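To start, the structure itself, in structure tokens.
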């Protein structure tokens, strides 16, 4: 299993927590596979989800959920907490599957996306176009199942009525926020603008909130945290989440596919509206901007053309500016931690995650 890269040794218990979450997910999907077999339902549905969850995956959201519990004074790691954390990983799986359909991505974590896997599985007797359509439709439905099953994992975790009452509004907010973030992302793609604030707004709702802030809030809510604890967690979480997405934007264009597990052409072909691209247009000459507009959003972009786009981005200094933004947000998060009254173990875990999330290579 891939772990967050670039940090010192992980806090004690992180690897064990990942194993516990994986055990819950494996057991849940095995149960679903057995139920599907009795109804003679297609086996590839649960197989796709099982394999997707088994290949890589940092389990960042479950880790943050448990850390939120610890930050609010929770002790040990009860099974109810582990299963709630696992439900967040299943929700994340839903998000990634649908994201790959929207982006028409061919690989994820170094393996074919579910869309491509299903297209190949159902290619016999079909045209290539028909198989691709089946793959896309099937992936949407499997993503929908992951969303449904994340809800089921949460509601069968054995939470008390008070815990459910505290957590459900946060879950609802998280789901709405990420949908709006994805909508903003999709509708902003292909527009060559200098609007950095809009790019950061997309980053906040598409990634920062559901990746870092809400998992922390959910864990803290399970421990009965007051509003002040959630506010202190937000002061840390939002800059870390934004830095996480800014790093993702850099990796999406400059990353090595063998390391990231994703192609380095997708973001350019889609013309994604990121802070990196907005800053490039802000700082580009007229000639550079014109050339970049010609390249962004081109569905047949070649590697040579992508390299030309990378050269423009680097030449304008936008790459360096984004690195500075990441560093500034990392410092902001650590300052927030310094002022928070969390237990030492929670602070140590959050410092590790902040460092790893901002220096990662995958």
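Some observations on this one:
- Cα centroid of the range 184-258 to Cα centroid of the range 80-146, whole Å: 22 Å
- Computed per residue of the chain from DSSP H runs no shorter than four, each worth -39500 (n - 2.57), the mean residue ellipticity at 222 nm is -24000 deg cm²/dmol.
- Take the Cα of residue 148, go 7 Å toward its beta carbon, and the backbone nitrogen atoms of the range 41-79 under 14 Å from that spot belong to 41-42, 45-46.
- As a length-normalised measure over Cα pairs under 8 Å and 6 or more apart, the relative contact order of the range 14-359 settles at 19 percent.
- Residue 345-residue 51 FRET efficiency (beta carbon distance; Förster radius 56 Å; 0.05 resolution): 0.95
- Rounded FRET efficiency, nearest 0.05, which uses the C-beta distance separating residue 338 from residue 107 and R0 of 45 Å: 0.65
- Exposure proxy ranking for 121, 75, 273, based on other Cβ atoms within 10 angstrom of each Cβ and starting from the fewest, stands as 75, 121, 273.
- Gyration tensor verdict on the range 14-359 (Cα atoms; rounded if a/c is under 1.5, prolate if a/b is larger than b/c, oblate otherwise): oblate
- Computed extension gain for residue 286 through residue 310, at 0.36 nm per residue and net of the alpha carbon distance, reaches 7.0 nm.
- Pairwise label distance in nanometres, residue 15 with residue 293, each label 7 Å out on the Cα-Cβ vector: 5.3 nm
- Put in order of Cβ neighbour count within 10 Å, fewest first, the listed residues 134, 229 become 134, 229.
- Distance (nanometres) between label positions extended 7 Å along Cα→Cβ at residue 124 and residue 44: 1.0 nm
- Packing-based ranking, highest mean first, of 208-214, 342-348 given that Cβ atoms within 10 Å are counted: 208-214, 342-348
- Order of 69, 149 - criterion: other Cβ atoms within 10 Å of each residue's Cβ, fewest first: 149, 69
- For the pair the range 346-360 / the range 13-41, the C-alpha centres are spaced 28 Å from each other.
- Pairwise FRET efficiency - residue 258 versus residue 31, Cβ, R0 = 35 Å, nearest 0.05: 0.50
Where a number appears in this text, it was derived from the coordinates with a stated rule and is not lab data. Quick caveat, the model's predicted, so the values are computed rather than measured. Virtual Cβ from ideal backbone geometry, glycine too; neighbours counted across all protein chains shown.
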